[in-house]
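Every number in this text was worked out from the coordinates using simple rules, so none of it is lab data. Just so you know, these numbers come straight off a predicted model, no measurement behind them. Here the Cβ is made from the backbone with ideal geometry for all residues, glycine too, and neighbour counts use every protein chain on show.
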Amino acid sequence: MTTVSAYAALSPKAPLERTTIERRTVGESDVLIAIEYSGICHSDIHQARNGWGEGIFPMVPGHEIAGVVEEVGAGVTKFKVGDRVGVGCMVDSCRECEACRTGFEQHCAQGNVQTYNGVGRDGEPTYGGYSTHVVVDEAFTLRIPDGLSLDVAAPLLCAGITTYSPLKHWGAGPGKKVAVVGLGGLGHMGVKIAHALGAEVTVLSQSLRKREDGLRLGADHYYATSDEQTFKDLAGSFDLILSTVSAPLGYDAYLALLKTNGVLANVGAPEEPVSLSLFSLIGGNKQLAGSMIGGIAETQEMLDFCAEHELGAEIELIEAGQVNEAYERVTNSDVRYRFVIDTSTI
């Protein structure tokens, strides 16, 4: 075991503070990563504050990890010391079930091992990227292409794949009209990726406050959902709506914006239950769907796609000591568009 520095919530809803944690010794198939940057995802806040149920404390959040390989196990074949790598939302799975065998490790029948707030196959709790180092099996380590700076690549390991996967799955591309609900940490990447895929992109946001940003990032249109006229003007307009917000929506109103056979895909996860009338689905043969990150192969595909199209996240780089302030700002939607921790400050 190796002792490393980290930032952790020592108990539910407690402020994060500097501490030390133990990382396992590098095993046969492991890589030791010197973390350089770690993105702050809204799900970090949900979990550190027990918003999604009882967490494991102390908790070191962070599943948007970018760094450099510092050591490799004797059996590692994919990476070498000095390689630029990333780690996303999971660090292991059973690797034997149908989901794992077909590239959907995130849906492992036994449950994937989360990068933090999880329990590894060794029975030990997992700790995330708000730390200086992490040890990860090479099978769950991603290569970050040279065309992406590590700081803007870090958020792609969650925000990038979370939006890329449903956009690809439901066919966003030329001739398709796609709406992205919310222009935040997830939404801004959804706009960038949908535009790069060739779709006609509309942002649906509470106000027009970020309109200039939305158009700069690749949106063709921008509407305020606080204006009731928006829902009248856009009725029946979209092939796909990607909801990136973590607050409950008026689903019936949003489903009415879909064309026949359209899909409303959710990647945001509200803490509260939601409701809708099933007639909103039946009328128009519509679908209300969900999507959770992506498998390892698809995540690598996403990184390569983003490098090819020069799609890094829009970030605000902070020191580790600013993490609690950053949490409050994320909660208040006061970030454009992803906080990234410079882990050299831990």
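Between the stretch 305-335 and the stretch 17-32, what's the alpha-carbon centroid distance in Å? Centre-to-centre (Cα) distance: 25 Å.
Distance between the modelled labels on residue 146 and residue 119, one decimal in nanometres: 4.5 nm (7 Å Cα→Cβ projection). Within the stretch 31-59, list the residues whose amide N lies under 11 Å from a label point set 7 Å along Cα→Cβ of residue 19. Answer for the stretch 31-59: 56-59.
Between residue 80 and residue 344, the modelled labels are 2.5 nm apart [label points 7 Å from Cα along Cα→Cβ]. Sorted fewest first by neighbouring Cβ atoms within 10 angstrom, 108, 89, 94 come out as 94, 108, 89. Longest stretch of the chain clear of exposed loop sites (GluC sites (Glu not before Pro), DSSP loop, at most 11 other Cβ atoms within 10 Å, sites excluded): 97-309.
In this structure, residue 5 and residue 233 have a Cβ-Cβ separation that, at R0 = 45 Å, corresponds to a calculated FRET efficiency of about 0.30. Largest first, the three principal axis extents of the alpha carbons in the stretch 160-290 are 37, 30, 28 Å in whole numbers. Here the peptides 152-163, 115-126 are ranked by packing, the mean other Cβ count within 10 Å, and the order with the highest first is 152-163, 115-126.
Here the simple spin-label model places points 7 Å from the Cα toward Cβ, and for residue 301 and residue 334 these points are separated by 4.0 nm. Scattering from the C-alpha atoms of the chain alone, worked out with Debye: what is log10 I(q)/I(0) at q = 0.14 1/Å? Listed by q, the Debye log ratios stand at -1.12. Is any residue of the stretch 170-185 close enough, with backbone N under 20 Å, to a label point placed 7 angstrom from the Cα of residue 287 along the Cα-Cβ axis, and if so, which? So the set is 170-181.
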